[in-house]
Each structure stands twice: as structure tokens, then as C-alpha cells.
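Please read the structure below before turning to the comments.
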Amino acid sequence: MTAPTTDSNKDRVFIFDTTLRDGEQSPGATMTLEEKLQVAEALDDMGVDIIEAGFPIASNGDFEAVVAVAKQVKRATVAGLARAITADIDRAGEAVRHAQKGRIHTFVSTSPIHLAHQMKKTEDEVIEIIARTVAQARNLIDDVEWSAMDATRTPLEFLKRCVETAIKAGATTINLPDTVGYAVPDEHEKMFRDIITQVPGADKAIFSAHCHNDLGLAVANSLAAVRGGARQVECTINGLGERAGNAALEEIVMALRTRADVMPYHTEIETTHLARASRIVSAAANFPVQYNKAIVGKNAFAHESGIHQDGMLKNAETYEIMTPASVGIKETTLVMGKHSGRAAFKDKLRELGYELGDNAFQEAFQRFKDLADRKKHVYDADIVALVDDEVGSVGDRIKLVDMQVISKTGGVHKCDLTLSIDGEETSVSFEGTGSVDAIFNAIKLAVGKQPHLVLYAIDGVTGGTDAQASAHVRLELNGRLVSGNAAEPDTLVASARAYLNAYNRLLIERGASAQGAMAG
């Protein structure tokens, strides 16, 4: 049984995880028994205090899952949910009796709208139900939690009567859930403080918050409840749950840890397990985690803005209030994109093994920015291809200035091309049997006598429709073979630049002017 608040643990917040019960009630989030056991193991290893394993009366499968979790879990208390109905409570007691530490969690509605439309009971009838069913649960097990469903829309005086009745009947934990995500932090804190200070016997129980996220306030309301005296928070991994979900366990735990200066409370959660637990739950429930999800989202420790990246490289605390390692993530990611600055790009080049001179770096950085404007995600492989291409093209005597290709099914393929040859621009047009044929022949027309095309190949540098195309060209002239490569999001531009890259290598080997070399 979870101990009531004492001087020794008055600042400790117990974490009650309901991923396997409330979380699984998300439409489409049903888990298999094996997946539930995997999640339960992760929660137990992480130090969760109470694991709500399911709703035993709901189905034979739910009952069996609660039994299996109860038998497996080594440290945490295992809870089974039950309505304020005799059969529910008996079924929950049967399921959790296999646990080293078991709990029956029973609930009944208390708000006027629920009593009128769902319960169809009077306040006095509800009080009698609470007294009878909590006593029944307590006769089965020492650890009993009672919840007032829709507590935040329940008149305070009636809520106090309900809480007093539940404590007298033997409840050791009192949960005041914000069932429909209606509360705001100030009033939520006040509700807990008023109940705890005004209800006789409140010191004999731990008070718990269970907040839904319909207005996006679940975590804020949970923390407000703690300030108001709650010492148990009910939450789920990744905020999984009905409708807009529950308060996210990882956010509550890290908020308490990071802002202990204003919230001097602590949990027993091993935070380095948070990222792993998030991945396990996401896979089991088949619910992807949004990229910008706090703490465990893909972008939670990713920085793309050039200003942020520059600060991160100088001191991580400039833009990170916790370390990635503290939640089980290997390291910060400097995402290379159109907002990245020179400092981040230079750091990325060093990481990839490149040391470029000033001119080469400026050229590579400009090409990177041009690529980032056209491509959503710039991967390491993109940068490698870009820099290799740039390094190979520094000092090129033939450069692509402009190109337009017109293609038509069963019709003409035409390339209008402008090249800079030794600083002078030359424009030509050529019609070919295909787009690449038109491009290559236009280049040969502009430059002069033609080499022989030995090889032409295209590969994708990365996946996706916006992936860079990596073009490879091999040319032969007078028995000499040279290769050229280029990477661009546009396959035709990549082909043209690879062809020019090879052409320029021929010029370097021959050591003559462009048009003069090709004329021989």
C-alpha cells in the first residue's frame, strides 16, 4: 500500500501510470497481451510507483492482462479499475491478488450533469454507493483508491461529502480527476487545497490528480494539483489517452526535475528510461509521437535555426534546459536546413571529416543553402555528395549558368543551355531523342569536339521524392578516361553538372584552354 503523506515523504510525488488502461482506451490503441507485458516491464524498470494494468470486468482479455501484469511486475503496485458495482470490485480484487502489491481503484460520478444524465441518482444515493463499495474493496485489499469522476465540475460542498465518506470507508488514495479537461490551473490548485484542508481525515489519505488534455492544460493542471497538496499524479507515456489524451508522464517528471527551484517536489522515476519507454509505447499502441512533442519528440533536442545552432556549439545551456542524456536520448541534433548558419555547417563538415579552405567553404555553404531552400531535410549523405561535388568543381573552367529542358511524350526533347567557358558565356540549343541526350549534346555543341560517353548512371542519395539525385558520368577522349559526379535535387541538372565535371577533368589533364583542348 502506498503510504500516506508524512514528514519524510511530504515532497515526494507518486507516479501512477495508466497507459495500459486509460491510454489503451484511445481509439485504435489496443495492445496485445505481449505488448502490455513489454510496456509494464518498461514502466516497472523506470520506477513507476503504480501501474494501472486494466479494467478487469471489461473483458476476459482485460482480466487476463491484469493478472499477467500483476504476476510479472516486481516493484510497482498493480491496480485494477472498477466501477462502483459489486461485480466490478470482486473482479478487480481477483485480478490484482496475484501482485506483490495490489490496488483496487474504484470510481463513481459526482457532477450534477453525470448524476442527472448518466447515473440518474441523487446526491444521497451516491454517498451510500461510495460508502458501500469502498468498504467492499477494502475488505478485499488494504490499498484502495477512490475516484470522483468529473470532480472538477462537482460543487465543492458535495465533493467534500464524497471524499469524507470514501476516507471513512477505507480509501487510502483519493483521486479528483479532471475527467473532461475542463479545469484551469489556478482553480484546480484551489480545489485540492480546499478539499485537503477542509475535509476531516484528509491527512489519512494521499490525494491524486488525473487530468485530461482537452484544452491542452493536462500537465499544467497536474502540477497545479501538486502545489495544492496532491502527492500522486496519474498520467500516461506520450500523453496517450481518450480524446485529446492524458497528462504526459515524461513532461510531469521532467518539469518537476528541471524546475525544482519553484516546485520543490521529486519523483522516483529514472529519467534516462523515458525515451525508451516512449518508443515502446508508441510501437505497441501504433501511435506515432509528434515530432515536436516535449521531452521525447524527434525534434525535442534538435536545432535548425542558425542562431540557436551557433549558441549550442558554444554552450548547450544557451538553448537546452535539460540534457538529451537525462531522458535517454544519445545527443543533441543540429538539423541541417535552410535556417542553419555557417557555424553549424562548419561543425557538421568537421564531423563528416572535411576541412575546407575559406573559398571552398563559402562555395559549399552557398550550395548547401540553395539545396536547403529546395529540400525539406538535408541529410549527412546530401552534404557529403554536395561537398565532394564542390571540391571537385573548384576552379572549373566550364560552368553551368542556365538550363531549360522541354520534354514531351512522343515529341521533341529540347535543351536551351548557357555555359561560362573561361569566363565567357555561350548559349546553345539542341534537340535530342530524350532529355539527357539533348543536354549532353548541347554541352558538346557549346564546348567543341566531343568526347565519347562511356557511362551514365543515376542514384538517389537519400530516400523520398525530394531526395538528391547523384549522377555519374564517365567520358573517354583519345584513350583517356575521366569520371564526373554531381548531386542535385533535380535529376536533369545533376546529369548536366556531372557531365561538365567530367569535361573539366579532361581539361585539367590536357592543360589547355577549354575550346582549344576540345578542338584537338
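The values are calculated or read from the model by the stated rules, or taken from the named source; none is laboratory data. Since the model is a prediction, treat every value here as computed from it, not as a measurement. Don't worry about glycine lacking a Cβ; one is built from the backbone with ideal geometry, like all the others, and counts go over all protein chains shown.
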For the stretch 27-42, pairs from a residue that is buried (at least 21 other Cβ atoms within 10 Å of the Cβ) to a residue that is of a type in the set (Phe, Trp, Tyr), with Cβ under 8 Å and 6 or more apart or across chains, are none
Filter the stretch 272-289 for residues that are in a helix (DSSP H, G or I) and of a type outside the set (Gly, Ala, Ser); the one that is nearest to Arg243 (Cα to Cα) is Val281
- Hey, does the stretch 218-227 have a residue that's touching a Pro at 6+ places or on another chain (Cβ under 8 Å), polar (S, T, N, Q) and in the same structural domain as Ile113 (by TED's automatic domain parsing)? yes
Report task. Would you mind stating whether Glu24 is in the same structural domain as Met149 (by TED's automatic domain parsing), closer than 16 Å to Ala285 by Cα and surrounded by fewer than 24 Cβ atoms within 10 Å (Cβ to Cβ)? Result -> no
Ser59 vs (1) at pLDDT 95 or above; (2) out of contact with any Phe, Trp or Tyr (no Cβ under 9 Å at 6 or more places or on another chain): all pass except (1)
Condition set small (Gly, Ala, Ser) and within 16 Å of Met149 (Cα to Cα), scope the stretch 87-122, selection surrounded by the fewest Cβ atoms within 10 Å (Cβ to Cβ): answer is Ala116
Counted residues in the stretch 249-268 being touching a strand residue (DSSP E or B) at 6+ places or on another chain (Cβ under 9 Å), outside any loop (DSSP other than H, G, I, E, B) and of a type outside the set (Val, Ile, Thr) come to 6
